[in-house]
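Note sheet for the following structure.
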Amino acid sequence: MLSFVSAEAQVSLYTVVDLALRNSSSVRIAKADVMRAAAGLTETKDAYIPNLVLGSSLGYSYGFPLGEPSVFNVTSQSLLFTFSQPDYIRSARAALQAAEFSLKDSRQQVILDASLDYIQLDKAELMLAALAQEKEYTDKLVNIETDRVLAGVESQMELTKAKLTAARIDLKRIHLQNDAEMVREQLAHLTGLPSSSFVTNASSVPAAPSILPTRDSHISLSTMNAGVQAAQADAKSKMYVAFGDSRQMLRPQLSVAGDYSLFAKFNNYDQYFRSFQYNNFGIGIQIRVPLFDATVKAREQRSAADAAHAYAQADQTRDAANEQIFQLQNSLTELAAQQRVTQLQAELAQDQLDVIATQLSNGSGSQSGTPLTPKDEQQAHIEERQRYEDVLDANYSLLRAELNLLRSTGSIEDWAKSGPK
C-alpha cells in the first residue's frame, strides 16, 4: 500500500503525521470505541421501535390440544413509556461524546509522538554530521600531539587527553546512532513505512508557535484538553445511568405488544372448543409498577458509586492537566534562557575560531604574546562543534516543551498541519 514511497526520498513532517494518524493502532481503537458508543446510543433509542418476530408451533397432538396450534405467528412489542429510558438515552449520548473526545485525545498524542520523533531524528542527523567533523578535528589533534610528544615538546598526558576526547566523540556517536535507529523504528511503527525510508526535511517542520498560552490561563486551558473533556463526558454518562436506575422502582412502565397467529385444525382445536377460526389477532398495552426488587436496588447503588468514581476521576484528570500546563509554562522561560545561553556560547566559540584562524594565517600569534599553534586551531574547531551540538539540544528541548504545551491545550494538530505538505 505504501510502496510508492521511495527509500531515498525525503518525507515531510506533514506526511509522517498524516500516515501516523491513518496507521496508528491507538487511533483505530479509539475509532472503534466511537462506533461502539454510537451503536449504544442507537440501541437505547430503538427500545421505542417495535420489533417483529415470526414463529411457528407446528406439531401433532392427540386428544385435548396442549399448545397453541398455529401454523405460524407474528409478534411485535416495544417500549411505550418509562421514566428511566430518557436518562439512559442521555447517558448513551454522553458516552458517545466521551468516545469522540477520547478519539481526539488519541489523535493529538499520535501527532505529538510522530512530530517529536521526526524532529528528534532530524536533530540526530545534524548532530551526527557535526560529530563527524568534530572527529576529523580530534584525529588531527591526536596526530599533532603525537608529533609533539615524539619531538619532546609535549607531555604524554596531553596526548592521552586528546585520545580521550576522540574516544568520547566515538562513544557519543555510537549512542546517537542507536537513538536514531530507535526513533526510526518508532516512526515505522507509527506510519507503516519501512524504517530505512525516513530522510527528514527540516524545512517541512513548522516554525515554533509564536503565541503560547500565558501562565494565568492554565486553569481555563485545561478545559480544552481532550482527555479532560472525555473524562467529564464519561462522568456525565455514568451520572445519567445512576439517575435512570434510581427511577426504576415505584414508577409505571408501559409497553405495547401485538400478536397474529394462523391456527391449524390438525391439532384437534376445532373439536374441543366451541368456535374455531384460522386468523387470530391481539394487541394490548402492558403496565408494570415495580414495588420491590432487590437486584434493582443493588444496581442503583452500584451505578451511583460508578458515577461518584467517574466524577472524582474527572476532577483528578483536570487537576493533572492544570499542573502539567502550569509546569510546562514555567519551564518555557527557563528553556528559552538556556537556549539563549547556548546560542551565545556557540557564537563566542565561532568568534574565537575566527580570531585564531586569522592570526594563524597572518602569522601574528596571539595578542598575549603566546604563539598560537595548529593545536590551538583544532581545539577551537572542536569547541565550536560542541557548542553547535549544545544549541541543537537546547532548540529541541524548547520545541519539545512547546509542543507538549500545545498537546495539553488541544492545539497541536493545527500546528502540525500548518507546515508545507
### Message
Here is a list: Leu176, Leu171, Leu131. Which entry is under 36 Å from the mean Cα position of the chain (by Cα), part of a helix (DSSP H, G or I) and closer than 30 Å to Ser26 by Cβ?
### Response
Leu176
### Task
Answer yes if at least one residue in the stretch 16-34 is within 29 Å of Met224 (Cβ to Cβ), open to solvent by less than 30 Å² (accessible area, probe 1.4 Å) and acidic (Asp, Glu), and no otherwise.
no
### Query
Could you list, in sequence order, the residues of the stretch 374-410 that are free of Cβ contacts under 8 Å to residues at least 40 places away in the same chain and not aliphatic (A, V, I, L, M)?
Asp376, Glu377, Glu383, Glu384
#### Entry: Lone qualifier among Ser418, Ser408 - being among the small types (Gly, Ala, Ser), closer than 17 Å to Leu116 by Cα and open to solvent by 50 Å² or more (accessible area, probe 1.4 Å)
Ser418
### Task
Determine which member of the set Val296, Val241 is of a type in the set (Val, Ile, Thr) and surrounded by 16 or more Cβ atoms within 10 Å (Cβ to Cβ).
Val241
### Task
Go through the residues of the stretch 239-257 one by one and say whether even a single one is within 24 Å of Arg107 (Cβ to Cβ), under 48 Å from the mean Cα position of the chain (by Cα) and either part of a loop (DSSP other than H, G, I, E, B) or not hydrophobic (A, V, I, L, M, F, W, C) (or both).
no
### Task
For Ala380, indicate whether it is at pLDDT 90 or above, more than 44 Å from the chain's Cα centre (by Cα) and closer than 24 Å to Ala132 by Cβ.
yes
### Query
Here are Phe83, Phe101, Phe72: which of them is aromatic (Phe, Trp, Tyr), outside any helix (DSSP H, G or I) and surrounded by 15 or more Cβ atoms within 10 Å (Cβ to Cβ)?
Phe83
### Task
Kindly provide the set of residues from the stretch 134-164 that are β-branched (Val, Ile, Thr) and either in a helix (DSSP H, G or I) or touching a Gly at 6+ places or on another chain (Cβ under 7 Å) (or both), ordered by number.
Thr138, Val142, Ile144, Thr146, Val149, Thr160
### Query
Which ones in the stretch 323-352 are buried (at least 19 other Cβ atoms within 10 Å of the Cβ) and touching a His at 6+ places or on another chain (Cβ under 8 Å)?
Ile325, Gln329
### Query
Looking at (1) of a type outside the set (A, V, I, L, M, F, W, C); (2) open to solvent by less than 40 Å² (accessible area, probe 1.4 Å); (3) at pLDDT 90 or above, which is the only condition Tyr388 fails?
(2)
### Summary
If we keep only residues of the stretch 383-421 that are of a type outside the set (Gly, Ala, Ser) and not in a helix (DSSP H, G or I), then the residue nearest to the chain's Cα centre (by Cα) is Thr409
### Task
Look at the stretch 261-274 and say how many of its residues are open to solvent by 90 Å² or more (accessible area, probe 1.4 Å) and either more than 28 Å from Leu52 (Cα to Cα) or within 60 Å of the chain's Cα centre (by Cα) (or both).
3
### Message
List pairs: first residue in the stretch 268-287 and assigned to a helix (DSSP H, G or I), second residue open to solvent by 60 Å² or more (accessible area, probe 1.4 Å) and of a type in the set (Lys, Arg) anywhere in the structure, Cβ distance under 9 angstrom, at least six positions apart or on different chains.
### Response
Gln271/Lys265
#### Entry: Residue, most open to solvent (accessible area, probe 1.4 Å), within the stretch 181-198, restricted to residues that are in contact with an Asp or Glu (Cβ under 7 Å, 6 or more places away or on another chain) and at pLDDT 90 or above
Gln186
### Message
Just the residues that are at pLDDT below 90 and open to solvent by 50 Å² or more (accessible area, probe 1.4 Å), please, taken from the stretch 43-66.
### Response
Ser56, Ser57, Leu58, Tyr60, Tyr62, Phe64, Leu66
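The values are calculated or read from the model by the stated rules, or taken from the named source; none is laboratory data. Being a predicted model, the structure only gives us computed values, none of them experimental. Cβ atoms come from the backbone with ideal geometry, glycine included; neighbour counts cover every protein chain shown. Ligands, DNA and RNA are stripped out before the accessible areas are found, and what is left, the full protein with its side chains, is counted by its heavy atoms. Shrake-Rupley method; radii C 1.70, N 1.55, O 1.52, S 1.80 Å.
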